[in-house]
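Undergrad: Dropping the structure in here first, questions after.
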């Protein structure tokens with residue numbers, strides 16, 4: 001394949017990557033934005049979403065579409081509940097202290113990953129996509145399901161955006177983010193909002209996992225790359241800036257896709273990792289966040 | 001001799017002009033008090049002078065040298081010393097260690113590593129503690145001290161740095177009357193070798209200690225003069241003194 | 001940090017080292033080798049504690065300094081035939097050097113940002129090791145030949161493969177780190193580091209360039225980690241990328257947390273306990289990392305002072 005089509009393929013892959021990443025990173029960004037804590041276990045919620053999807057597919061047997069729909073309903077509930085439990089049992093007693101939370105969520109990461117290893121096993125297991133069709137380009141065939149991924153992610157992103165901007169729930173979250181003490185004085189149950197937001201972040205990651213698992217495979221370590229990429233997106237986009245997160249997700253998703261295809265995935269990861277560090281050092285507000293006084 | 005001068009010094013916090021174009025001069029050897037209502041910008045102003053925060057505009061000169069962009073730890077080296085409004089001692093360390101940290105800093109600057117000879121360090125620390133009367137408490141944890149003693153420790157740390165300009169931010173706040181008398185005596189003896197810049201709300205302390213008074217209001221200098229002149233100043237009376 | 005408790009302090013720490021020395025004569029071979037490893041890892045942890053416990057800088061990327069020593073010494077011994085003593089020195093310099101380079105950038109941040117930046121730098125180092133597979137043999141690692149680990153002193157040969165040599169050298173390294181820490185704590189430098197941990201703004205306004213001091217602490221810490229890594233390479237003959245992975249950065253945090261952040265002997269206590277716990281757990285399950293996670297969460301929630309820290313609070317206030 002010559003350069004042109006290769007680039008097209010890379011861009012297509014990058015677009016899918018970008019949408020899924022936007023969904024995952026959005027979860028991380030909301031948690032940081034409202035709760036001011038970094039959740040290192042975020043990738044495991046993504047992974048758990050995919051694992052639940054596998055269980056659903058297995059349960060239903062020969063009906064991948066049914067399995068997919070079941071997973072879309074079940075994954076968020078299961079993973080959201082796990083996340084809520086983590087917040088209530090671990091993060092609340094720590095009073096959401098930023099440094100302690102990072103250490104604790106590292107512990108949670110280990111627990112969740114190893115727990116999955118013990119129940120699900122070390123192998124990567126495939127999940128059938130709900131629909132199988134191929135888009136035939138003149139140079140290559142492309143899995144049509146990936147378009148479904150893009151569509152579903154876009155829809156969900158829109159829904160979340162609407163909820164945050166227009167509905168009361170969004171107002172409550174923004175009030176808590178802006179000034180939790182005042183919000184509390186106005187009767188906003190801050191602790192419960194935190195748990196809700198934490199669960200919401202996990203659910204978004206879980207859905208991303210469900211969407212992606214027919215393309216990748218379910219594996220107990222599959223949350224590590226999405227975690228790193230989400231980190232990059234949130235930090236470069238500006239911690240707490242939703243618009244920045246979305247913009248950065250597209251930039252990162254596309255470039256990661258392209259670099260991985262044309263160079264090596266390891267190099268892409270090295271560049272991404274260094275980018276996070278350097279942005280944090282030299283431009284801590286990211287590219288879109290507001291500079292704090 | 002002009003020790004300190006600021007020119008058009010300003011600092012904004014998200015649209016609010018905490019300090020708005022202040023031109024200020026301080027002569028060597030004087031005791032100057034800055035007074036003004038809450039929110040006048042007094043603390044912000046001295047924080048700009050000692051380097052805790054950076055200016056939005058304007059410049060600062062110390063002993064003829066532009067220090068506007070100099071980091072705070074270098075300004076200490078020049079002799080600008082700040083004691084905090086809300087006591088900022090090392091609560092988990094002993095009084096001795098608190099003052100020793102200040103003494104160390106000075107000795108390191110003056111004599112390099114040789115200055116850190118531990119007997120010299122010890123003697124210097126103890127004599128500073130004696131100056132403020134805290135030497136019997138030298139091995140006590142600073143966090144367990146009575147409030148008045150914590151303020152004294154704060155002053156001791158400032159003294160240990162051999163300041164040329166000692167900035168004290170509301171030093172008598174929360175002190176008992178007898179402690180205030182003691183504080184005035186201490187300040188007068190400090191002023192024999194250093195210039196003192198004082199933010200104070202306690203008018204009797206101000207009237208007793210200050211050679212000159214600067215009155216600030218809403219980020220700028222409202223009036224400046226001797227205590228008598230300020231007492232008689234109508235604007236000041238209207239804005240602040242109310243007497 | 002007053003001078004009154006010099007006697008009990010010396011007694012405790014020198015006694016501990018003496019005890020470790022005598023231990024080698026009673027330990028069966030398996031535990032003998034374990035203790036060698038543990039002492040080196042405890043040296044690594046002691047260096048980390050200087051950063052976390054005494055300067056207040058929570059780094060999540062310390063494994064890169066251990067790896068710097070590991071690879072520096074290992075590759076030099078294997079590829080250019082450097083003798084073990086020189087390789088060890090080189091390893092220490094690599095650890096300190098990387099700490100200097102990383103610190104110049106990372107120390108411009110603090111708190112949560114610092115944690116993330118150090119994590120990212122460590123991860124990038126790990127990936128770079130994998131990327132330059134041709135030299136580092138990546139995940140597979142380099143096996144050092146036995147001849148490269150022999151030091152010819154003229155009047156004797158010091159064989160780094162030999163258990164006795166290994167144990168005593170590891171003890172020496174650990175002792176150097178422990179005694180170095182104690183000396184540091186009583187020194188003016190140590191006082192400044194604690195001041196930076198307690199109240200950095202006050203330290204700045206006392207005339208301290210805290211950036212420079214943090215950098216010093218990081219370099220000392222990196223040197224200790226590098227020495228442990230170099231010894232690991234020379235004694236056990238294996239240089240592999242796993243030692244640079246996040247796992248080793250998190251493990252050292254766990255050891256120090258468990259033993260007691262900001263205590264001198266805490267790191268040793270934590271390393272010994274966790275080492276044997278993981279050993280025992282891995283006999284039963286391959287998911288022994290579950291315990292790492294559990295311990296981290298439980299420690300942070302219920303026991304953040306660690307074992308020696310708790311002891312110090314309850315009974316022995318003069319423990320450094």
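Readers should treat all values here as calculations from the given coordinates under stated rules, not as data from a laboratory. In this text, all values refer to a predicted model and were calculated from it rather than measured experimentally. Cβ coordinates were reconstructed from backbone atoms using ideal geometry, including for glycine residues, and neighbour counts include every protein chain displayed.
Undergrad: Quick one: work out the % antiparallel among DSSP beta bridges in the protein assembly as shown, nearest 5.
TA: 65
Undergrad: What nm distance separates the two modelled labels at residue C:168 and residue C:146, each placed 7 Å from Cα along Cα→Cβ?
TA: With each label point 7 Å from Cα toward Cβ, the separation is 2.1 nm.
Undergrad: Helix B:177-190: angle to the longest alpha-carbon principal axis of chain B, degrees 0 to 90, nearest 10?
TA: 90
Undergrad: Okay, moving on. So how do C:210, C:50 line up by other beta-carbon neighbours within 10 Å, fewest first?
TA: Going from sparsest to densest Cβ surroundings: C:210, C:50.
Undergrad: Shifting gears a bit: Need the full-extension length gain, residue B:204 to residue B:69, defined as separation in residues times 0.36 nm minus the C-alpha distance. One decimal, nm.
TA: 45.0 nm
Undergrad: Give me Rg/Rg_expected for the stretch B:63-209, where Rg uses Cα atoms only and Rg_expected = 2.2 N^0.38 Å with N residues. Don't skip to the answer; put the middle values down first.
TA: Details: Rg = 15.1 Å, N = 147, 2.2 N^0.38 = 14.7 Å.
In units of the 2.2 N^0.38 Å rule of thumb, it is 1.03.
Undergrad: Please work out the Cα center distance from the stretch C:194-220 to the stretch B:1-55, rounded to the nearest Å.
TA: So the separation of the two Cα centres works out to 27 Å.
Undergrad: First measure r as the distance between the Cβ atoms of residue C:11 and residue B:114, then evaluate 1/(1 + (r/R0)^6) with R0 = 22 Å and state the FRET efficiency to the nearest 0.05. Can you show the working numbers first?
TA: Working: r = 32 Å, r/R0 = 1.45.
So, using R0 = 22 Å, E works out to roughly 0.10.
Undergrad: Please find, in a Gaussian network model of chain C (springs between Cα atoms separated by less than 10 Å), the residue of C:288, C:243, C:30 whose mean-square fluctuation is greatest.
TA: For chain C, modelled as a Gaussian network with Cα springs under 10 Å, the answer is C:30.
Undergrad: Here is a follow-up. If neighbour count is taken as other Cβ atoms inside 10 Å, put C:263, C:271 in order from fewest to most.
TA: By the 10 Å Cβ count, ascending, the order reads C:263, C:271.
Undergrad: So, one more: For a footprinting-style exposure proxy, rank B:192, A:113 by other Cβ within 10 Å, fewest first. Walk me through the intermediate numbers first.
TA: On the way: B:192 7, A:113 23.
By the 10 Å Cβ count, ascending: B:192, A:113.
Undergrad: With each pseudo-label sitting 7 Å past Cα toward Cβ, what's the residue C:27-residue B:122 distance in nm, one decimal?
TA: About 3.9 nm separates the two model spin labels.
Undergrad: Further, regarding this structure: Using the alpha-carbon atoms, what tilt in degrees (0 to 90, nearest 10) does helix A:42-60 show relative to the longest principal axis of chain A?
TA: The two axes meet at around 50 degrees.
Undergrad: Now for a separate question. Can you pull the percent of Cα pairs in the stretch C:243-320 with separation above 16 Å? Before the final figure, lay out each step's value.
TA: Working: 1512 of 3003 pairs.
Counting pairs separated by more than 16 Å, the tail of P(r) holds 50 percent.
Undergrad: Another one. Taking the stretch A:3-282, how much of its Cα-Cα pair set, in percent, is spaced more than 35 angstrom apart?
TA: Result: 15 percent of Cα pairs exceed 35 Å.
Undergrad: Next question, about the same structure. Highest first, please rank the peptides A:123-130, A:271-278 by the mean number of other Cβ atoms sitting within 10 Å of their residues. Mind showing how you got there, number by number?
TA: Working: A:123-130: 15.9, A:271-278: 20.1.
Ranked by mean Cβ neighbours within 10 Å, highest first: A:271-278, A:123-130.
Undergrad: Related question: Work out the FRET efficiency for residue C:179 and residue B:88 from their Cβ-Cβ distance, taking R0 = 51 Å, and round it to the nearest 0.05.
TA: Details: r = 34 Å, r/R0 = 0.66.
The value I calculate is 0.95.
Undergrad: Still on this model: Among DSSP beta bridges lying fully in chain B, give the percent that are antiparallel, nearest 5.
TA: Taking every DSSP beta bridge within chain B, about 55 percent pair in antiparallel fashion.
Undergrad: When Cβ neighbours within 10 Å are restricted to other protein chains, what is their mean count per residue of peptide B:67-75? Show your work: numbers first, answer last.
TA: Working: counts 0, 0, 0, 0, 4, 7, 10, 2, 3.
Per residue, the average neighbour count from other chains is 3.
Undergrad: What percent does the relative contact order of the stretch A:60-187 come to when contacts are Cα pairs within less than 8 Å and at least six residues apart? Please list the in-between numbers first.
TA: Working: 48 pairs, mean separation 22.1, N = 128.
Rounded, it is 17 percent for the stretch A:60-187.
Undergrad: Further question on the same structure: At 222 nm, what helix-only mean residue ellipticity would chain C give, in deg cm²/dmol to the nearest 500, using -39500 (n - 2.57) for each DSSP H run of four or more?
TA: Computed ellipticity for chain C at 222 nm equals -23500 deg cm²/dmol.
Undergrad: Angle, helix B:118-132 long axis vs. longest principal axis of chain B, Cα atoms, 0 to 90°, nearest 10?
TA: Result, in degrees: 50.
Undergrad: Hey, how much of the P(r) for the protein assembly as shown falls beyond 40 Å, as a percent of Cα pairs?
TA: Percent of Cα pairs beyond 40 Å in the protein assembly as shown: 48.
Undergrad: Can you tell which of C:28, C:304, C:200 shows the greatest fluctuation in a Gaussian network model of chain C with Cα springs below 10 Å?
TA: C:28
Undergrad: Please check: in the Gaussian network model of chain B (C-alpha springs, under 10 Å), which one of B:114, B:212, B:11 has the largest mean-square fluctuation.
TA: B:114
Undergrad: Other chains' Cβ within 10 Å of A:19-27 residues: what's the mean?
TA: The shielding value for this peptide is 0.
Undergrad: Just the ratio, please: alpha-carbon radius of gyration of the stretch C:3-244 over 2.2 N^0.38 Å, N its number of residues.
TA: 1.05
Undergrad: Please give the average number of partner chain Cβ atoms lying within 10 Å of the Cβ of each residue in C:192-205, rounded to a whole number.
TA: Average per residue, whole number: 5.
Undergrad: Kindly provide the pair-distance distribution of the stretch A:78-119 built from C-alpha pairs, with 10 Å bins from 0 and whole-percent values in order of increasing distance.
TA: Going out from 0 Å in 10 Å bins, the stretch A:78-119 shows 28, 54, 17, 1 percent.
Undergrad: Translational D (Stokes-Einstein, µm²/s) of the stretch C:55-160 at 10 °C and 1.306 mPa s when Rh comes from the Kirkwood sum over C-alpha pairs?
TA: 105
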